[in-house]
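The structure appears below as structure tokens.
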4 protein chains.
Amino acid sequence: MKALIYHGPGQKALEDHAVPRIEKPTDAIVKITKTTICGTDLHILKGDVPTCAPGRILGHEGVGTIAEVGSGVTGFARGDPVLISCISSCGKCEYCRKGMYSHCATGGWILGNAIDGTQAEYVRIPHADTSLYRIPTGADEEALVMLSDILPTGFECGVLNGKVQPGSTVVIVGAGPIGLAALLTAQFYSPAAIIMVDLDDNRLVTATQFGATGVVNSSDGNAAATILKLTDGRGADTVIEAVGIPATFELCEEIVAPGGVIANVGVHGTSVPLHLERLWDRNITIATRLVDTASTPMLLKTVCSHQIDPTLLITHRFKLDYIIDAYETFSQAAQTRALKRWSMPRQGMP
Amino acid sequence: MKALIYHGPGQKALEDHAVPRIEKPTDAIVKITKTTICGTDLHILKGDVPTCAPGRILGHEGVGTIAEVGSGVTGFARGDPVLISCISSCGKCEYCRKGMYSHCATGGWILGNAIDGTQAEYVRIPHADTSLYRIPTGADEEALVMLSDILPTGFECGVLNGKVQPGSTVVIVGAGPIGLAALLTAQFYSPAAIIMVDLDDNRLVTATQFGATGVVNSSDGNAAATILKLTDGRGADTVIEAVGIPATFELCEEIVAPGGVIANVGVHGTSVPLHLERLWDRNITIATRLVDTASTPMLLKTVCSHQIDPTLLITHRFKLDYIIDAYETFSQAAQTRALKRWSMPRQGMP
Amino acid sequence: MKALIYHGPGQKALEDHAVPRIEKPTDAIVKITKTTICGTDLHILKGDVPTCAPGRILGHEGVGTIAEVGSGVTGFARGDPVLISCISSCGKCEYCRKGMYSHCATGGWILGNAIDGTQAEYVRIPHADTSLYRIPTGADEEALVMLSDILPTGFECGVLNGKVQPGSTVVIVGAGPIGLAALLTAQFYSPAAIIMVDLDDNRLVTATQFGATGVVNSSDGNAAATILKLTDGRGADTVIEAVGIPATFELCEEIVAPGGVIANVGVHGTSVPLHLERLWDRNITIATRLVDTASTPMLLKTVCSHQIDPTLLITHRFKLDYIIDAYETFSQAAQTRALKRWSMPRQGMP
Amino acid sequence: MKALIYHGPGQKALEDHAVPRIEKPTDAIVKITKTTICGTDLHILKGDVPTCAPGRILGHEGVGTIAEVGSGVTGFARGDPVLISCISSCGKCEYCRKGMYSHCATGGWILGNAIDGTQAEYVRIPHADTSLYRIPTGADEEALVMLSDILPTGFECGVLNGKVQPGSTVVIVGAGPIGLAALLTAQFYSPAAIIMVDLDDNRLVTATQFGATGVVNSSDGNAAATILKLTDGRGADTVIEAVGIPATFELCEEIVAPGGVIANVGVHGTSVPLHLERLWDRNITIATRLVDTASTPMLLKTVCSHQIDPTLLITHRFKLDYIIDAYETFSQAAQTRALKRWSMPRQGMP
């Protein structure tokens, strides 16, 4: 089969690769119909993710069809259409029993990282019964690719951790794909205001189209003052950090209201200064989370009932043969205005 | 001034009445701009509310303007536009400190019940600082009358107690004004389905216009079976009882899913059979509540930010001089299709 | 092997029975070290549990040692000491993923009910990885038998559902084994008062020894008045029903404080009158639950750290050969003062 | 009357001062029976609290008797024994209505800071109805002084924010008075382990007497490794920071388990490094809080029902005439082993 292989920092290639096989009774092999590229894939390509070794097939998102199941799989059979979770969950360990699948003792984020991933014609999914979700009849498969990672991440790490409430004020710092996923899912809870902050006016235009009630371009260095003014000096009840650098996190610290929450979604590479000299008596909460995808069944229901339209996040479409072009487009998002895109495998594969 | 006076079961009259005066330093006198009639007013007129003595001015909803404040009132001044809460709250007692204003030691539901109410040109509001809400500039006062009672009741007793969640399935039994208020506010949380149940097809048409995703006319006696079919045999995550008789409560018991909630909003006059022989092992919750109006500040924000449009609940408009006609219209709701209506005091009153 | 067999209403016998065998890859066979008798076993013997067919080995509680595991079991190996949960949980279905194991699509309460149980030398445990718990080194196995059912039932259905809090007032109606389990675990949360209600003074003496701060013998018919007096007229924040008949449930309705909770633990055979005409405006919650045993890992930690001593619940000890005598003793609890008791299999079994 | 006056950094004196008078109708004058010294008083004396101007009477803790009430006070009368909350709360503003009294628009921590305090024979208490608590008959007044500040602070900021649960593992960094208050109140929830960390072995001995299940002297620089070893490499579910410097906060970051909470109680003067490069995917929560004293009614019940004994925190006793000596003793706590101490006003005061 064709697969996109990581060959060390800066190196990737679409190559022929052996089709994966069942290794454990709880495995399933899924024939990929649609996959996509995540910002984390770019991090891997920069060499920032040491758990991902050269030779690895990239990708942790996708939908497809069950090609084969191990003897211990009870919930799926050949031919079933499935959504792949970016998080593998055994369903048995202490963390899985608490719904914290991200820290599964034998799973977590391993797809396209510690084991081969979804940017290929086939993928092996461990713990299949608890890491795949059946696609309801009539659902839009393209939309559901957004449920592998980006929507549960925006929702769980940003919106749930951020305790968004009817009538509340939300600020989302970073209007990239993950910030927009938080923006879409924050609207589940009918906040009174959602203000998006970014350096790029194009992204802020998109944010307005996605439902932001206000936008702030932070390139003038006055974002904190502007937001405090927009919130009558109080700050925001929920602040979602969707960038992952000290400057944006410190902005969040400046604009959180007393009693408010900073929900971190960004992937950080260094420590950030926490201004406890100002925040110790402000009754605030800071929450971090690797997505658990525990909300996937709920999100599936909201998509199928049209509470949310994830296809808004899809801007480009490529066949698998052109996945190198897709990476090129995605890595130049500022110019190409790419959000997420999916790749369809070539027809006629075994 | 003119006031609508209760004269015992079946008896009411619009009469001249002395203008109320400040009795305690924490009182305010409010000049009523708009008021409305509640189903509870009809209960009083039937003689069902023994705490309401003949001679009482009816009414517990309204907006108006501060005419005078006692020496202990710090938050309002003459001329301030205010929303009147149907619940008076001292802010000091054990219940008020827990947010359970309905059980305030010196307040609760007393307006138009134990003390004179709002269907008049002026009303005395005890505990004014904690029982009135300032109307924001530019807000639609007519819409806000719905925040005195009906919207917080539907929201707190039905939606909050019912734990409505994104993607969940909600059934509301009773499509009268209070059921519709629950329907409107349930949408704050983006449930996948909201099914309305009633005997009256006109009301169900209205419910669809208000956002119901499904309707069931229960007059054929098969409502439970129909709803179980609509929910794949599971039943509903949230069932809101908005009628107040044994038959509708027992329907709720039949259709609640394992792990689900029955949120009671109806005012009941007799006991109902609780089928614990079937429900003891179903992990369900039943919740009752007299509205606390603790959610009023939140609801004000959702109205001002257009998350909800309470004016949908307003079908008729009368001047105060015609309030007897308004009662007539409201008490024949099946024919008149009346939901809530407001009365405006005559111009040029003292 | 020896096993206690149910032969229809009123009929049971200790007989030779084939040793159970692995049927599915996720099964384990456990050699029972200690088991016990539950009130539910007496219900089965009365013919009240139609899912339990004649020929069934009774019993759903116990500790033992793994004798054999299926090929799909990853968490246990031959020789491991284990605690058996009364609830079998697949870990995969929608209910299990929500922690509501009692409603597992292929499990729930099936042991000693729909499949053979633990009152034998060996038992087959389905979904072994998610239905057994490893016994920590040095733990008191006799104590842990109380964690199969009775302690999680008292804790989850009574204490957690009842929202017991530091400083709160708790009333437990019924001082049998399950009421005492609620009493023991309620003390995890340091309530100010725990009042036990029963008809039997001996049980109330035991309750005091177990930590009750007050006791009420309800045989004079004045229990509600007495409890209201003890609680300054307010009633109790938490009322736990641990009997299962209308009279005791109605007592709970009379003594719950505004804002309080009735947590139902009793197994009910008929409906009970729910006095909504009095409770509709009292802001109360009623909660039912079949034990999920989701709290077992937490309870194991509290036992191992000596926060609780479950051996208080053990009054009698029998070898398996004398299990008929054990049933006799248990069914005459009023005379024998029996709470729970365990039976040890004969030595020298295969 | 005699009062302890702050005269700028490093300067204080016990002097004659005018008895305070009612300034607003909602004020009360309390004759102090017992007060105490808080670590924050020492901060003021260092000049760290700019809101406290020279000339101020210090002190924000105490019990006493109502000497006089303003015309708007409804809950107290001359002669009532009362507990003074360190937080003044109007009961009316948006924050007070949410239970966040610390951020009251016209209150918060003002006693002995922005207005005169309790280290005197009399004190004026604003918002008396919602800032004082009646002392129940028979309660130990000395014990209750600990409820003005230190116990609610340890409980709300440490234990409640830290989500201490039955069976959980708690680490408290800092075994000073406030760390010990957290230790006492953490036991309300029956955690399996409470490990205290400090540099001073004497304090750790005291911690063991107060109920710590383990102690770690962090002076060897290996505290993190030691605690990870004690927790099987997982870290602690709850980590309470009760010191207020970067080194101790960073220790908390190292030892919090995935899914755990860092509850900050310490008063910080500088920012601390937040290691998001390690914590972004650990599903942790960091919570800050200025005590609201919203838990005071609950804590009163736990003290009166002997769930907790606050007198453990009292090590020294002085008459008001010797309050300078009391400060001396308290500021040299390492040598004097002082925790909290109270001062009694001279007899025969007006």
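The values are calculated or read from the model by the stated rules, or taken from the named source; none is laboratory data. Keep in mind that this is a model prediction, so the values were computed, not measured. All Cβ positions, glycine included, derive from the backbone under ideal geometry; neighbour counts span all protein chains shown. Surface areas here come from the heavy atoms of the whole protein model, side chains and all, with no ligands, DNA or RNA. Shrake-Rupley method; radii C 1.70, N 1.55, O 1.52, S 1.80 Å.
Odds and ends about this structure:
- Residues being of a type outside the set (A, V, I, L, M) and more than 7 Å from chain B (Cβ to nearest Cβ) - total across the stretch C:276-291: 1
- Residue selection: D:GLY64 satisfies the criterion of being under 24 Å from the mean Cα position of the chain (by Cα) and small (Gly, Ala, Ser).
- Cβ-Cβ under 7 Å pairs, at least 6 apart or on other chains, the stretch D:18-30 side free of Cβ contacts under 8 Å to residues at least 60 places away in the same chain, far side buried (at least 18 other Cβ atoms within 10 Å of the Cβ): D:PRO25/B:GLY72; D:PRO25/D:GLY70; D:PRO25/D:GLY72
- Test: D:GLY91 is farther than 23 Å from A:GLU277 by Cβ, modelled with pLDDT of 95 or more and within 14 Å of chain B (Cβ to nearest Cβ): yes
- Flag if D:GLY8 is among the small types (Gly, Ala, Ser) and either part of a strand (DSSP E or B) or crowded, with 18+ Cβ neighbours inside 10 Å (or both): no
- Boolean, B:ILE150 is touching a residue at least 60 places away in the same chain (Cβ under 8 Å) and surrounded by 23 or more Cβ atoms within 10 Å (Cβ to Cβ): yes
- Any hit, the stretch B:298-316, residues being more than 14 Å from chain A (Cβ to nearest Cβ), farther than 17 Å from B:LEU183 by Cα and touching an Asp or Glu at 6+ places or on another chain (Cβ under 8 Å): no
- Count of residues meeting criterion [in a helix (DSSP H, G or I) and either open to solvent by 20 Å² or more (accessible area, probe 1.4 Å) or among the basic types (Lys, Arg) (or both)] in the stretch B:85-109: 4
- Residues satisfying the stated conditions in the stretch B:190-233, i.e. in a loop (DSSP other than H, G, I, E, B), open to solvent by 70 Å² or more (accessible area, probe 1.4 Å) and away from chain A (no Cβ under 14 Å): B:LEU199, B:ASN222
- Unique residue being within 16 Å of the chain's Cα centre (by Cα), of a type in the set (Asp, Glu), closer than 25 Å to B:PHE188 by Cβ and at pLDDT 95 or above when the list is A:ASP292, A:ASP309: A:ASP292
- Hits in the stretch A:167-183 (condition: outside any strand (DSSP E or B) and either surrounded by fewer than 24 Cβ atoms within 10 Å (Cβ to Cβ) or more than 11 Å from every other protein chain (Cβ to nearest Cβ) (or both)): A:GLY167, A:GLY174, A:ALA175, A:GLY176, A:PRO177, A:ILE178, A:GLY179, A:LEU180, A:ALA181, A:ALA182, A:LEU183
For every residue, the table says whether it meets (1) open to solvent by less than 10 Å² (accessible area, probe 1.4 Å); (2) touching a Gly at 6+ places or on another chain (Cβ under 8 Å); (3) not in a strand (DSSP E or B); (4) not assigned by TED's automatic domain parsing to the domain that holds B:VAL265.
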| residue | (1), (2), (3), (4) |
| --- | --- |
| B:PRO54 | no, yes, yes, yes |
| B:GLY59 | yes, yes, yes, yes |
| B:THR65 | no, yes, no, yes |
| B:THR74 | no, no, yes, yes |
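- Verdict on C:ARG78 being open to solvent by 60 Å² or more (accessible area, probe 1.4 Å), more than 14 Å from chain A (Cβ to nearest Cβ) and touching a strand residue (DSSP E or B) at 6+ places or on another chain (Cβ under 8 Å): yes
- Residue satisfying all of: in the stretch C:243-252; at the interface with chain B (Cβ under 9 Å from one of its Cβ atoms) and within 20 Å of B:PRO246 (Cα to Cα); nearest to the chain's Cα centre (by Cα) among these: C:PHE249
- Selected residue (criterion: farthest from D:GLU23 (Cα to Cα)) from residues of the stretch D:110-129 that are among the β-branched types (Val, Ile, Thr) and open to solvent by less than 10 Å² (accessible area, probe 1.4 Å): D:THR118
- The numbered conditions (1) more than 9 Å from chain A (Cβ to nearest Cβ); (2) under 30 Å from B:GLU250 (Cα atoms); (3) touching a Phe, Trp or Tyr at 6+ places or on another chain (Cβ under 7 Å) are all true for B:PRO273 except (3).
- Checking every residue in the stretch A:156-168 against the condition of being of a type in the set (A, V, I, L, M), closer than 30 Å to A:GLY64 by Cβ and within 19 Å of the chain's Cα centre (by Cα) gives at least one match.
- For the stretch C:37-52, the tally of residues that are open to solvent by 10 Å² or more (accessible area, probe 1.4 Å) and at negative phi stands at 11.
Conditions tested, residue by residue: (1) in contact with a strand residue (DSSP E or B) (Cβ under 7 Å, 6 or more places away or on another chain); (2) outside the structural domain of D:CYS86 (by TED's automatic domain parsing); (3) at pLDDT 95 or above.
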{"site": "D:ALA139", "(1), (2), (3)": "no, no, no"}
{"site": "D:ASN161", "(1), (2), (3)": "yes, yes, yes"}
{"site": "D:GLY179", "(1), (2), (3)": "yes, yes, yes"}
{"site": "D:ALA182", "(1), (2), (3)": "yes, yes, yes"}
{"site": "D:SER190", "(1), (2), (3)": "no, yes, yes"}
{"site": "D:LEU199", "(1), (2), (3)": "yes, yes, yes"}
{"site": "D:ALA207", "(1), (2), (3)": "yes, yes, yes"}
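- Taking every residue in the stretch C:106-132 that is within 14 Å of chain A (Cβ to nearest Cβ) and pairing it with any residue that is among the basic types (Lys, Arg), at least 6 positions away or on another chain, the pairs with Cβ-Cβ distances below 6 Å are C:ASP129/A:LYS92; C:THR130/A:LYS92.
- Filtering the stretch A:179-198 to residues that are among the aliphatic types (A, V, I, L, M) and more than 21 Å from the chain's Cα centre (by Cα) leaves A:ALA192, A:ALA193.
- The strands (runs of 3 or more DSSP E) falling completely within the stretch A:234-337 that include 3 or more residues that are open to solvent by less than 20 Å² (accessible area, probe 1.4 Å) and in contact with a helix residue (DSSP H, G or I) (Cβ under 6 Å, 6 or more places away or on another chain) map to A:236-241, A:256-264.
- For first residues located in the stretch A:212-234 and within 17 Å of A:ALA175 (Cα to Cα), partners that are of a type in the set (Gly, Ala, Ser) and modelled with pLDDT under 95 and lie 6+ apart or on another chain with Cβ distances below 6 Å do not occur.
- The listed residue being under 14 Å from A:ASN113 (Cβ atoms), within 14 Å of another protein chain (Cβ to nearest Cβ) and among the hydroxyl-bearing types (Ser, Thr, Tyr), out of A:THR26, A:THR40: A:THR40
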